[in-house]
Amino acid sequence: MYARALTWWTILRICLEERLVYRGDFALGTLMRFLPIVTQIFLWAAVFAAVRAGEGGSDATIAGYHYQDFVAYYLLTMVSRAFSSMPGLASGIARQIREGEIKKYLIQPIDMISFMLLSRVAHKLVYYGVALGPFALVFFLLRSYFPGWPEPEIFLAFVASLIMSFLLGFFLEATIGMIGFWFLEVSSLLFVYMLFSFFFSGHMFPLDMLPQPWSTVVMLIPLQYLAYFPAAVFLGKITGDALVFGLLVQLGWLIAMIVACRLAYHFGTRRYSGYGG
Amino acid sequence: MSIIEIEGLTKSYQVYQKKEGLLASFSGLFRRDYREVQAVRGIDLSVEQGEFVAFLGPNGAGKTTTLKLLSGVITPSGGTARVMGHVPWKRENEYRRRFALVMGQKNQLWWDLPAQESFLLHQQIYRIDPEQFRRTRDELVDLLAVRRLLGQPVRELSLGERMKMELIAALLHSPDVLFLDEPTIGLDVVAQHNIQKFLKHYQNLRNITILLTSHYMKDIAALCRRVVIIAQGQIIYDGSLSGIVDRFSSHKVLTLLFADSKMPSDLARFGDVLEVAEPKVTLKVDRHVIADVLSSILANYTLQDVSVEDPPLEEVIADVFSLSYNEVTGQEAAQVVTSPSNQ
C-alpha cells in the first residue's frame, strides 16, 4: 500500500514538473479562460437592459433569474468547469493509440487509466495554482451578486459534487478517447460531445430555464453534473432530499462511466494492432 | 526448460484498401475492401537463457510483430507463447517487471523533462529498491558515459544520446529478457558502435536473454551467435550467421590469376564471368562443380594465384530477402477479400 502510494506520488510529482515546463503558455492559457465569462456577463447585461426597457421596471427577471443570479450562476459554472473540463484528454488518448505511444503503458507494470487520471490531477492542481488569484479577485469584486455563503452541509455537498464532476468529466472523455481503438480518429465524435456538453451541461444558461421536453432530456443524461448541478447546489436551488438524490445520481453516472472506460480499455487493447512501428 | 517458447504463433490483420480518388472515398463510406495480412504465420521457436538472438528479415517480414507479441503489446490470432513461464498478452505485472522492450523509433522517456526524472518514475513503477536503483543507474550511466546529460531535457539530446537514455531506462529494473527493435536505427557509425559495445558487455555481464531485430549486419555480426531469418511471417533459417551462406548460397566466387597471360578464350564454360582484368578473372561457379572446374583449369593452364571464397554475406541475405519479397507480393495479390464496412 505504501509502495503504491509512493508510486502515485512520484507520478503526480513528475506530471506537475512537466506541466510547469511551459509556464508562459500555461499562465496565458489559464488567464484567457476568463474571457468567455466576461462576454457572457456583458451579453446578459444587455439582455436584461432590453427587458427592463420593455417592461419599464427596474427589477426584471428571466425564468425566475435576476441579473445578479445570472452573474453568480456563471461564475459558479466557471468553477464547475474548471473541475470537469478535460482539454486534450480524448484527442490525446486517440493520438497515442494511432501513433503507437500507448505501447509504453502496455509493457510497463502500470495501469494506464490510473496514470492518466493522476496526470490530469497534476494538470488541474497547476491550473488552480495559477488561476486561484484571478478567481479570488473576480469573486471578491462581484461578491454582492451572491446571496451569501451557503450552509456548511450545502458547501460540503458542493465540494463533493465538484470532485465527482472532475472524475465524471475525466471518465467521459477518457471513454471517448478509448473509442480510438476502433476508429483511430475521434475528433468528430468529440465535436458532437462538446456541442451537447455546451448546451446540456448548463454552460450556456441555467438548465432549469429549459422547457419540456428538453428538461427531461437533461435529466436523463449525465452532462448537467459537469457544470449546472454543482452551481445549483451552491446557490441553494437544490436542497433536502433532491440534493441527496442528485448526488447519488451523479455517483451512479460516475460509476457507470468508470465501468464503461474500463470495458473500452479492456476490449480495445485486445483488438489493438500496435500501430506505428 | 527454455526461457522463451513459441508454438504456432500467428498474427493476421485486416488492412483497409482505399482506391484512388474522391468517388472511391465516398463509396468507401458504405463498402470497403480489406486485405488480410498474415504478419506472422505459425512461428515455432525456443530460446535458452542467456542467448543473444537476432531476427533478420526484409521490411514487413514479421520481426517487429513477433517482438510485439512476445512483449504483450498485441494479442495473437493463434498459437501459444510463453516467456519465463508467462503468457505475454495476459500482461501480468509479474511478467512486465521482468522484461523490457526498446524500440528504436519510439520514445518512452518524458520528452520535456531530464532523463533522470523518467528514471525516478521507472524506479517507482518497477518498485526498485532505492539502493539497488542508485547502483544500477550509476553503473549504466558510467558504462554509457552519459552522466553530464542526466539533467538535460530529453528533447535537447541527440538521437544517439536519447537511445542511450532509453537503454538505461529499460535496464534499470534488471530485466531477465530484453527485446530490442532496431536499437541503432538512424544512428551514425560511432553511436552504433557504442551501443553495440555496450550491449555486448552488458549481456556478458548479466547473462540476460536478448532478442534483437536490426537491418545492420554489423550489429548482428558483433552481437549474435544465433540468427533467425523471418520472411513472409515464417522462420526460414535458424542457426549461425556464417551458416546462412552455406544454407542459401548456391555458388562460390573463384578468382584466378593466370601466370603467363595465357587465358582461356571461353571462360563462360566454367561459370558466370563476374570480372575480367587480364590476367585476373573472377568467376561465379556452382558450388557442386567447383572442384571439377578448378582441376580442369589447373590441368590446362598455369596459375600464379587462385582463391575460392563464399559470396559476401550481405549479398546472400539480400538475395534471400528479394526472393521472399517477390513471393510475398505474388501471394498478396491473391489475398484481397471484400467485406462489409466495420471501421
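The values are calculated or read from the model by the stated rules, or taken from the named source; none is laboratory data. Keep in mind that this is a model prediction, so the values were computed, not measured. Please note: Cβ atoms are built from the backbone with ideal geometry, for glycine as well, and neighbour counts cover all protein chains shown.
Filtered by the rule that a residue be surrounded by 18 or more Cβ atoms within 10 Å (Cβ to Cβ), hydrophobic (A, V, I, L, M, F, W, C) and more than 11 Å from residue A:157 (Cα to Cα), region A:211-230 gives A:218, A:223, A:226, A:227.
The residues of region A:238-265 that are surrounded by 16 or more Cβ atoms within 10 Å (Cβ to Cβ) and among the charged types (D, E, K, R) amount to a single one, A:262. Against the conditions (1) more than 14 Å from chain B (Cβ to nearest Cβ); (2) surrounded by 13 or more Cβ atoms within 10 Å (Cβ to Cβ); (3) in contact (Cβ under 8 Å) with a residue 40 or more places away in the chain, residue A:29 satisfies every one except (3).
Is at least one residue of region A:151-160 farther than 17 Å from residue A:76 by Cα and touching a residue at least 60 places away in the same chain (Cβ under 8 Å)? Within region A:151-160, none of the residues are farther than 17 Å from residue A:76 by Cα and touching a residue at least 60 places away in the same chain (Cβ under 8 Å).
When you go through (1) in contact with a Ser or Thr (Cβ under 7 Å, 6 or more places away or on another chain); (2) in contact (Cβ under 8 Å) with a residue 12 or more places away in the chain one by one for residue A:270, which number turns out not to apply? Of the numbered conditions (1) in contact with a Ser or Thr (Cβ under 7 Å, 6 or more places away or on another chain); (2) in contact (Cβ under 8 Å) with a residue 12 or more places away in the chain, the odd one out for residue A:270 is (2). Just checking, does region B:41-52 include any residue being of a type in the set (Gly, Ala, Ser) and within 14 Å of chain A (Cβ to nearest Cβ)? Within region B:41-52, not a single residue is of a type in the set (Gly, Ala, Ser) and within 14 Å of chain A (Cβ to nearest Cβ). For the condition closer than 29 Å to residue B:85 by Cα, in the same structural domain as residue B:68 (by TED's automatic domain parsing) and buried (at least 21 other Cβ atoms within 10 Å of the Cβ), residue B:180 qualifies.
Could you list, in sequence order, the residues of region B:215-231 that are assigned to a loop (DSSP other than H, G, I, E, B) and at pLDDT 85 or above?
Taking region B:215-231 and keeping what is assigned to a loop (DSSP other than H, G, I, E, B), we get B:215-216, B:224-225.
Listed by number, the residues that qualify are B:224, B:225.
Kindly check whether there is at least one residue in region A:19-28 that is assigned to a helix (DSSP H, G or I) and closer than 30 Å to residue A:268 by Cβ. Yes, region A:19-28 contains a residue that is assigned to a helix (DSSP H, G or I) and closer than 30 Å to residue A:268 by Cβ.
Here's the yes/no breakdown for (1) of a type outside the set (Gly, Ala, Ser); (2) over 27 Å from residue B:121 (Cα atoms); (3) surrounded by 16 or more Cβ atoms within 10 Å (Cβ to Cβ):
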{"residue": "B:159", "(1), (2), (3)": "yes, no, no"}
{"residue": "B:171", "(1), (2), (3)": "yes, no, yes"}
{"residue": "B:191", "(1), (2), (3)": "no, no, yes"}
{"residue": "B:206", "(1), (2), (3)": "yes, no, no"}
{"residue": "B:224", "(1), (2), (3)": "yes, yes, yes"}
{"residue": "B:227", "(1), (2), (3)": "yes, yes, yes"}
{"residue": "B:233", "(1), (2), (3)": "no, yes, yes"}
{"residue": "B:240", "(1), (2), (3)": "no, yes, no"}
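Residue A:226 meets the conditions (1) over 13 Å from the mean Cα position of the chain (by Cα); (2) modelled with pLDDT of 90 or more in every case but one. The failed one is (1).
With respect to the conditions (1) in a helix (DSSP H, G or I); (2) surrounded by 18 or more Cβ atoms within 10 Å (Cβ to Cβ), residue B:296 falls short on a single one, namely (2).
Is it fair to say residue A:268 is within 14 Å of another protein chain (Cβ to nearest Cβ), in contact with a Phe, Trp or Tyr (Cβ under 7 Å, 6 or more places away or on another chain) and surrounded by 18 or more Cβ atoms within 10 Å (Cβ to Cβ)? The answer is yes for residue A:268. Taking the criterion of being within 23 Å of the chain's Cα centre (by Cα), aliphatic (A, V, I, L, M) and modelled with pLDDT of 75 or more, the residues of region A:1-34 that qualify are A:11, A:12, A:16, A:20, A:28.
Going by what's in this entry, would residue A:30 be described as more than 30 Å from residue A:117 (Cα to Cα) and among the polar types (S, T, N, Q)? It is false that residue A:30 is more than 30 Å from residue A:117 (Cα to Cα) and among the polar types (S, T, N, Q).
Pairing each residue of region B:158-170 that is of a type in the set (Gly, Ala, Ser) with any residue that is assigned to a helix (DSSP H, G or I), provided the two are 6+ apart or on different chains, yields C-beta distances under 7 Å for B:160/B:191; B:169/B:118; B:169/B:119; B:169/B:122.
For region A:231-251, the candidate set comprises residues that are among the β-branched types (Val, Ile, Thr) and assigned to a helix (DSSP H, G or I); within that set, the residue that is farthest from residue A:158 (Cα to Cα) is A:249. The set of residues in region A:141-184 that are within 14 Å of another protein chain (Cβ to nearest Cβ) and outside any helix (DSSP H, G or I) comprises A:179, A:184. All of A:97, A:102, A:11, A:41 fail the test of being away from chain B (no Cβ under 14 Å) and out of contact with any strand residue (DSSP E or B) (no Cβ under 9 Å at 6 or more places or on another chain), apart from A:41.
Residues of region B:87-104 being buried (at least 18 other Cβ atoms within 10 Å of the Cβ) and not β-branched (Val, Ile, Thr), which ones? Those that are buried (at least 18 other Cβ atoms within 10 Å of the Cβ) and not β-branched (Val, Ile, Thr): B:88, B:89, B:91, B:95, B:96, B:97, B:98, B:99, B:100, B:101, B:103, B:104.
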